[in-house]
1. Through the Karplus equation 6.51 cos²θ - 1.76 cosθ + 1.60, θ set to phi - 60°, convert the phi angles of the stretch B:99-115 into ³J(HN,Hα) values in whole Hz; use x for Gly and Pro.
2. Measure off, as a whole percent, the carbon and sulfur share of the 1.4 Å-probe accessible area of the stretch C:2-143, all protein chains present.
3. For the stretch B:2-194, with only Lys/Arg (+1) and Asp/Glu (-1) charged at the beta-carbon, what is the dipole magnitude about the Cα centre, in debye rounded to 20?
4. What are the extents of the Cα atoms of the stretch A:98-190 along their three principal axes, in Å, largest first?
5. When a/c reaches 1.5 or more, the comparison of a/b and b/c decides; with that in mind, is the stretch B:17-64 rounded, prolate or oblate per its Cα gyration tensor?
6. If you take each beta carbon of peptide C:107-118 and count the beta carbons of other chains within 10 angstrom, what is the mean?
7. So which of B:LYS81/C:LYS109; B:LYS28/C:LYS29; A:LYS81/C:LYS28 end up more than 30 Å apart by C-alpha?
8. From the phi angles alone, apply the Karplus equation (6.51, -1.76, 1.60; θ = phi - 60°) to the stretch B:58-66 and give each ³J(HN,Hα) in whole Hz, x where the residue is Gly or Pro.
Amino acid sequence: MESTFLLIVEIIGTLAFAISGIRLAAVKKFDWFGAYIVGLVTAIGGGTIRDLFLSTTPFWMLNNWYLVVTAIALILVIIFKKFLVRLDHTVFIFDTIGLALFMVIGMQKSLDFGFPMWVAIIMGTITGAFGGVLRDILINEEPLIFRKEVYATACIAGGLSYWLIYFLGGSTMLQQITCAGIIILIRVLSVIYNWRLPVLGNDNNNSTND
Amino acid sequence: MESTFLLIVEIIGTLAFAISGIRLAAVKKFDWFGAYIVGLVTAIGGGTIRDLFLSTTPFWMLNNWYLVVTAIALILVIIFKKFLVRLDHTVFIFDTIGLALFMVIGMQKSLDFGFPMWVAIIMGTITGAFGGVLRDILINEEPLIFRKEVYATACIAGGLSYWLIYFLGGSTMLQQITCAGIIILIRVLSVIYNWRLPVLGNDNNNSTND
Amino acid sequence: MESTFLLIVEIIGTLAFAISGIRLAAVKKFDWFGAYIVGLVTAIGGGTIRDLFLSTTPFWMLNNWYLVVTAIALILVIIFKKFLVRLDHTVFIFDTIGLALFMVIGMQKSLDFGFPMWVAIIMGTITGAFGGVLRDILINEEPLIFRKEVYATACIAGGLSYWLIYFLGGSTMLQQITCAGIIILIRVLSVIYNWRLPVLGNDNNNSTND
């Protein structure tokens, strides 16, 4: 039951992240293969880093449907590119869903491996956020995560809520739904109200350096 | 016999990839040490990622001649730089030979580790193509693999031919020679006939975005 | 006794590298979270790559004070940013101390894992220098290591001195202090006397290519 829930969650998250990566590759006019790789790295990159850190075989080497789901994402973007490529909102929604779902999966796996909650929160954040970091490195952009929106901080808030529900004795599924819900809520609110973290830098000569 | 063949293949592939990386570093005017590192990463980066994914110690930590071969490559580029730096064809030839040979090595190692053929094809492609991706990330260029020539697709075609020969009952060496031959053939043809994969992007405003 | 020495060394090195990374992130006007991640990657990135290569769990997953020390570094930079952000010398000093200390730690750990001295020298250099390479990749700059100052070469010289003292029968602590001292000395001298490694490139048309 719970594992079926996680599996569905993983398929949706993979599709969402793959579409978000492929759409960015389309903006950069990559060829189909390049776009597929960028979509794949966005979708499985974070989980791959997590699995290397957990000293286990990367999850996608044990099950080939991650490659298939990314192929489906590529076909969807090719068919609907006029809609998908132009709409920034689409990427935001897919990215946010993927982030929330992957955070939950990454935390769960790390806890299953016997690591403490603080490691699980980091591994969840890596699972959710580092596919996008690898994507930005591959397309030679400065990683978005460092400048735009409240991104990884949403993961950490979600992770802390997971911890809190666990502490209060809530069920695993309640922990996971709360965590995902908090992440989606924070990201949506951060865009609506234009939340930003304080910038670190010498404040007096902004005008000359920008 | 077969292992000697693979060893010779690996030396040639390492030398070829190291020269291709060092030559690019020379164009960017890196110092000798930086050029050596870029050559080394190009030569051993793909196999290192493969070995991390296979949960095994990176191959070059068990045998120091990969470092020696890269040093020989550096000396060759320093001596013959007038010839090597100017000729784009030279890099193409070295790169193509390295790609074909590393694909074969990567597939063989993954199969030896008990992974199925589809994982072996991915690991072979990573072995062949991701040294170049790491090189491009290090020199802060957008990875060539996403735009130019039919590169990783040649690997996949080679990998499928390996699979086919295996399926038809051909010997391991026949599988390997066919795989390498197909890769070299596709890359050469793709340059001669200027093959490109379709570009993903909104086709109507190419002129304004480029 | 010796392990206490190494622990103190590790705290100082972590703080030094974290400050060096956070300061660069401040120059690029990252937000606090981004700056924290860049500091963390600078401080623990090299050791993480080393641990993946050694097939062991990354050190910072077993002990959460690396995260705490990086948080202290962030607070220090926020408080003293007027001093820290403007002074290039500060970064140089922190970077050099971190480099020397991490080289020693990386070598020691690799020898403890049973690898030969030449692997230990490479692992030490990775521990010391690759946090900075990852940092430069994350902030989308061409890695400094390839152009500026005698950086990784100082590590290798330090590593060879470690080897020499070992060969001559000196104690482990003497090996480590000599290694760290040589690295600091070479880096300081290289800045004072503006030492550079020879650049690789076609020398005759520098003016047109630059």
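1. Rounded to whole hertz, the list is 4, 5, 5, 5, 4, 4, 5, x, 5, 4, 5, 5, 5, 4, 7, x, 7.
2. In the stretch C:2-143, the share of accessible area belonging to carbon and sulfur is 73 percent.
3. Magnitude of the dipole: close to 460 debye.
4. Taking max minus min along each principal axis of the Cα atoms, the stretch A:98-190 gives 44, 31, 17 Å.
5. prolate
6. The shielding value for this peptide is 1.
7. Violating the 30 Å Cα-Cα cut-off are B:LYS81/C:LYS109; A:LYS81/C:LYS28.
8. x, 3, 6, 7, 9, 7, 8, 6, 5
The values are calculated or read from the model by the stated rules, or taken from the named source; none is laboratory data. Please read these numbers as outputs of a predicted model, since none were measured by experiment. Note that we place each Cβ from the backbone using ideal geometry, even for glycine, and neighbour counts take in every protein chain shown. What goes into the accessible areas is simple: the full protein's heavy atoms, side chains included, and nothing from ligands, DNA or RNA. Shrake-Rupley method; radii C 1.70, N 1.55, O 1.52, S 1.80 Å.
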